Amino acid sequence: MYNKERIERIFDILKENGSISVNELSDIFQVSGATIRGDLAKMEKTGLITRTHGGAMMNSSLLRETLLTERVHDDKKRLIAQNALRFVHERDILLLDTGTTMVAFAEALAQSSFEELSVFSNDLDVIRILEEKEHFSLTLLGGKVRSRFHYCYGPEIQNELSNYHFTSLFLAASAIHEFYGLTTENTDLAYIKSRMIKASGNVILLSDSSKIGNVHLRKFASLEDVDTLIMDKNLTPEAEKMLRSSVKNLVLV
């Protein structure tokens with residue numbers, strides 16, 4: 001088993017169990033304790049875990065979901081949203097994810113010169129903002145409304161998505177990591193995002209650079225699933241190199 005694959009499996013084990021010992025991991029992977037301690041040291045540097053005497057434990061911060069009101073909707077997100085308009089064409093059928101970056105993108109669409117777009121979203125704010133575009137066709141993917149997060153979720157949406165094919169998906173992620181891909185805090189939302197990707201011909205991820213290197217509880221996609229990533233330029237050279245080798249098209253704004 002390669003080092004990267006073993007680290008991913010260790011992370012999965014910690015997600016399920018909360019903590020584990022070096023000896024237990026050595027038995028599972030049939031490698032030395034020194035090898036496992038090296039893996040745990042790498043994981044600790046990323047903030048994924050905390051090493052303990054004889055083992056490791058999952059960081060509790062990975063399990064906490066940030067409320068919508070706590071998320072920053074700043075100039076970076078507006079700049080990313082404006083540049084995302086380049087990937088929209090008249091009469092496209094668009095699927096918009098949920099979150100503050102999608103709200104910024106909806107505002108950009110509302111102020112754009114596009115006249116005929118079909119837009120689907122499970123985000124209540126996205127649909128509300130786009131209502132002012134008289135000739136847009138808008139569809140709210142409905143289900144249960146998640147209080148304080150302004151989006152719909154549930155099996156109804158997952159089933160509905162299997163009946164559609166969208167020109168482009170504009171996607172958001174809570175965290176982006178070289179090993180663990182795209183993750184979010186909520187299991188229901190992770191399932192919906194996975195279905196969104198499967199239902200779309202072109203996957204465009206909109207994210208600010210603060211998400212790089214972070215990991216949350218549920219993985220919903222790999223970086224290789226992304227066709228285009230639009231992000232601000234506040235990246236380390238190492239992060240930029242990693243992204244260019246992982247996604248098909250990286251656009252820095």
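Of all alpha-carbon pairs in the chain, indicate the percentage at a distance above 24 angstrom.
Details: 15773 of 31878 pairs.
It works out to 49 percent of all Cα pairs.
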GNM top mover of Lys241, Lys198, Lys211 - the chain, alpha-carbon springs below 10 Å: Lys241
Pick from Val119, Val203, Val31: which residue has the top mean-square fluctuation in a GNM of the chain where Cα pairs under 10 Å get a spring? Val31
From Cα coordinates alone, what are the radius of gyration and Dmax values for region 121-193 in angstrom? 13.5, 43
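Using a simple charge model, +1 on the beta-carbon of Lys and Arg, -1 on the beta-carbon of Asp and Glu, nothing else, what dipole does the chain show about its Cα centre, in debye to the nearest 20?
Values: 30 positive and 35 negative charges, 137 e Å.
With Lys and Arg at +1 and Asp and Glu at -1, about 660 debye.
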3J(HN,Hα) from dihedral phi, region 233-239, Karplus parametrisation 6.51/-1.76/1.60, rounded to Hz, x for glycine, proline: 7, 7, 10, 6, x, 5, 5
Given the options Leu40, Ser209, Thr187, identify the residue whose Cα lies farthest towards the positive end of the charge dipole of the chain (+1 on Cβ of Lys, Arg; -1 on Cβ of Asp, Glu). Leu40
Is region 3-61 rounded, prolate or oblate when judged by the Cα gyration tensor, a ≥ b ≥ c being the square roots of its eigenvalues, rounded requiring a/c under 1.5 and prolate requiring a/b larger than b/c? rounded
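Please tell me which of these pairs span more than 22 angstrom C-alpha to C-alpha: Lys42/Lys211; Lys15/Lys211; Lys76/Lys198; Lys15/Lys76; Lys45/Lys211; Lys219/Lys248?
Working: Lys42/Lys211 19 Å; Lys15/Lys211 20 Å; Lys76/Lys198 28 Å; Lys15/Lys76 32 Å; Lys45/Lys211 16 Å; Lys219/Lys248 20 Å.
Flagged as over cut-off: Lys76/Lys198; Lys15/Lys76.
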Could you tell me how many degrees, from 0 to 90 and to the nearest 10, lie between the Cα long axis of helix 187-198 and the main elongation axis, the longest principal axis, of the Cα atoms of the chain? 60 degrees
Once phi is turned into θ = phi - 60°, what whole-Hz ³J(HN,Hα) does the Karplus curve with 6.51, -1.76 and 1.60 give for every residue of region 221-228, x standing for Gly and Pro? 6, 9, 4, 5, 6, 8, 7, 9
Rounded to whole Hz, the Karplus (6.51, -1.76, 1.60) HN-Hα couplings of region 136-149, x for glycine and proline: 6, 9, 10, 10, 8, 6, x, x, 6, 8, 7, 4, 6, 10
Estimated [θ] at 222 nm from DSSP helical runs (n ≥ 4, -39500 (n - 2.57)) normalised by residues in the chain, nearest 500: -11000 deg cm²/dmol
GNM of the chain, Cα pairs under 10 angstrom: of Leu182, Leu138, Leu205, the biggest fluctuation goes to Leu138
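Could you pull out the GluC sites (Glu not before Pro) across region 107-210 that fall in loop regions by DSSP (anything but H, G, I, E, B) with no more than 14 other Cβ atoms inside 10 Å?
Details: sites: Glu107, Glu115, Glu116, Glu131, Glu132, Glu134, Glu156, Glu160, Glu178, Glu185; in loops: Glu115, Glu116, Glu131, Glu132, Glu134, Glu178, Glu185.
Passing both the DSSP loop test and the Cβ count: Glu115, Glu116, Glu131, Glu132, Glu134.
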Measuring from label point to label point, each 7 Å out along Cα→Cβ, what is the Asn17 to His135 span in nm? 6.1 nm
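Coordinate-derived values only; no laboratory data. Predicted model only: the values in this text are computed from it and were never measured. A quick note on method: Cβ atoms are made from the backbone with ideal geometry, for glycine too, and the neighbour counts reach across all protein chains shown.
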